[in-house]
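Take a look at the structure below.
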Amino acid sequence: MVTRKYFGTDGVRGRVGEEAITPELVMRLGYAAGVALVAREHLPAGERPTVLIGKDTRVSGYMLEAALEAGFSAAGVDVMLAGPIPTPAVAYLTRALRLQAGVVISASHNPFFDNGIKFFSADGTKLPDAVEAEIEARLDEGMGCVDSARLGRARRIDDAAGRYIEFCKSTYPNKLDLCGLKIVVDCAHGAAYRIASSVLHELGAEVVAVGVQPNGININDDVGATSPQFLRQNVLAHGADLGLALDGDGDRLIMADRQGEIYDGDKLLYIIAAAYRARGYRGGVAGTLMSNLGFEHGIAHLGLSFARAKVGDRYVLELLHERNWKIGGENSGHIICLDLHSTGDGIISALQVLAALRERNITLAEACADLTFYPQRLINVRLPAGFDWQADSSIAAARAHAEKKLGDTGRVLLRPSGTEPLLRIMVEGRDEPLVDKLAHEIAQAAKASAG
């Protein structure tokens, strides 16, 4: 496996002003990606490749958008600017407008001081590893500029949000509506702030929109899918039938029922899978190493196959393509319905859950009544640069002790974050106090070893 200098599991991401996320490097990234596009595309004479650039609501998005635009233009690539729009909207519009690539400026669920650049191919999927490797190689070659007559041009696309709203609505069954439902929608002060509530309102719901006042620095700040307590509070305060929360770039989904009970990605994917099964789906469901054992058992009870991918929606997507399955996701709320979209989409996932509930006239609680989840405890430990946690004897001993105590009633998973310098420690089992105790023991060993 080739070690990447810039690209992680989900594009290039980091703290703004440091390492990869500087104006100079992002401009070079746009140029390198543009040169790769020009070399790969075989367009008629006189035509230039065109890319779509979308972003979330971080204040750094203005700066990075300008840098990317300059890099692409210098490489002879035209640019369409969509402004703040969810990540899955960029994937859809790239495909629908027959463009050569799409680019998203976002760090998803991270705080505002982080940002990132991720790419979509012409068919709305993540770039293949080979293309990312080619862009990386070109990044270190320096930056040039084509002749003035061949420079790329940029223009705004004014109807991007409207196009995407109509696409989302098209994934909801024509025979159903959302009339009579009061729904809280938390947009995390992020990219979906102008879109999610419009989709639900146009399908008939009474919408209470929260997390829709972005100011450039409040994205994901105690709101959205990573802070479900805010959703719970608003559902209860407004007497809503249910609520849904997205993350900063709109590709994660968490929901709450009228009692304020939170439903994570595993539960929501189970509801979608059950609905697919009832409609005749006979394929399988892709989860990840973090998917709850109870979810796995529930999928088996539905009569569907199940397989785990590495953590990360790109790995879920790879597994779906490999098995020729249609649905998969992560407990964090990334859910993929490949018969509807080429990538994970929080709004479309919410519509599939709502359709499943409407078809059977049931609640979220009733839809999950047959599920029994094992308690999970997840603890993140920050690691210093260069620390090899896999070779540390104290961490290994704590893990071995935990696995012995759990036996065949649970499991331990240690993995590095793909986007932050963190070791993620997950312990799962039937005995919640034991699970909590063992997770803290491993975390303490990791903290002591990492200093």
For region 272-394, give the share of DSSP beta bridges that are antiparallel, in percent and rounded to the nearest 5; count only bridges with both residues there. 30
Any lysines with Cα under 24 Å of the residue 175 Cα? List them, leaving off those in the same chain fewer than 8 positions away. 326
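With a/c under 1.5 counting as rounded, go ahead and sort the chain into rounded, prolate or oblate using the C-alpha gyration tensor (a ≥ b ≥ c being the square roots of the eigenvalues; past the cut-off, prolate if a/b is larger than b/c, else oblate). Provide the component values of the computation, followed by the final result.
Details: a/c = 1.75, a/b = 1.22, b/c = 1.44.
It is oblate, given that a/c is not under 1.5 and a/b is not larger than b/c.
Mean separation of Cα pairs under 8 Å and 6+ residues apart, divided by the residue count of the chain: what relative contact order is that in percent? Write out the running numbers ahead of the final one.
On the way: 986 pairs, mean separation 55.5, N = 451.
Rounded, it is 12 percent for the chain.
Using a ≥ b ≥ c from the Cα gyration tensor of region 265-407 (square roots of the eigenvalues), is it rounded, prolate or oblate, where a/c under 1.5 gives rounded and otherwise the larger of a/b and b/c decides, a/b for prolate?
Numbers: a/c = 2.25, a/b = 1.77, b/c = 1.27.
Cα axes put region 265-407 in the prolate bin.
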Net charge near residue 229, counting Lys/Arg +1 and Asp/Glu -1 over other residues with Cβ under 11 Å of its Cβ? -1
In Å², and per residue, what accessible area does the chain have when probed at 1.4 Å with the other protein chains present? 41
Ranked by how many other beta carbons lie within 10 Å on average, peptides 316-324, 83-91, 270-278 from highest: 83-91, 270-278, 316-324
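Going highest first, how would you order 110-117, 353-360 by mean Cβ packing within 10 Å? Provide the component values of the computation, followed by the final result.
On the way: 110-117: 22.0, 353-360: 19.5.
Output ranking for 110-117, 353-360: 110-117, 353-360.
What does the charge dipole of the chain about its Cα centre add up to, to the nearest 20 debye, if the Cβ of each Lys and Arg holds +1 and the Cβ of each Asp and Glu holds -1? Can you show the working numbers first?
Details: 48 positive and 56 negative charges, 96 e Å.
Dipole about the Cα centre, nearest 20: 460 debye.
If you add up the charges near residue 126, with Lys and Arg at +1 and Asp and Glu at -1, over every other residue whose beta carbon is less than 11 angstrom from its beta carbon, what do you get?
Its environment carries a net charge of -4.
Please report the antiparallel percentage of the DSSP beta bridges confined to the chain, to the nearest 5.
Among the beta bridges of the chain, antiparallel pairing accounts for roughly 55 percent.
For region 28-123, what is the percent of antiparallel DSSP beta bridges, rounded to the nearest 5? If you can, show how the numbers build up before the last one.
Details: 4 of 15 bridges.
The answer is about 25 percent antiparallel.
Quick one: which of 12-23, 135-146 comes out on top by average Cβ neighbours within 10 Å, and what's the full order, highest first?
Numbers: 12-23: 18.4, 135-146: 15.0.
So the peptides 12-23, 135-146, ranked by packing, come out 12-23, 135-146.
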So which lysines can residue 405 reach, going by Cα to Cα under 22 Å and dropping same-chain residues fewer than 8 places off? 437, 447
Counting only protein heavy atoms, what percent of the accessible surface of the chain is carbon or sulfur at a 1.4 Å probe? 49
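Report the per residue volume, in Å³, of the convex hull enclosing the C-alpha atoms of region 21-173. Could the numbers behind the result be given before it?
On the way: hull volume 18.2 nm³, N = 153.
Convex hull of Cα atoms, per residue: 119 Å³.
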Distant alpha-carbon pairs in region 341-451 (separation over 26 angstrom), percent: 41
Sequence neighbours fewer than 8 away in the same chain don't count; with that in mind, list the aspartates and glutamates whose C-alpha is under 15 Å from residue 5. 18, 19, 129, 132, 134, 136, 140, 141, 420
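The values are calculated or read from the model by the stated rules, or taken from the named source; none is laboratory data. Source: prediction; values computed, not measured. A quick note on method: Cβ atoms are made from the backbone with ideal geometry, for glycine too, and the neighbour counts reach across all protein chains shown. Accessible surface areas use protein heavy atoms only, side chains included; no ligands, DNA or RNA. Shrake-Rupley method; radii C 1.70, N 1.55, O 1.52, S 1.80 Å.
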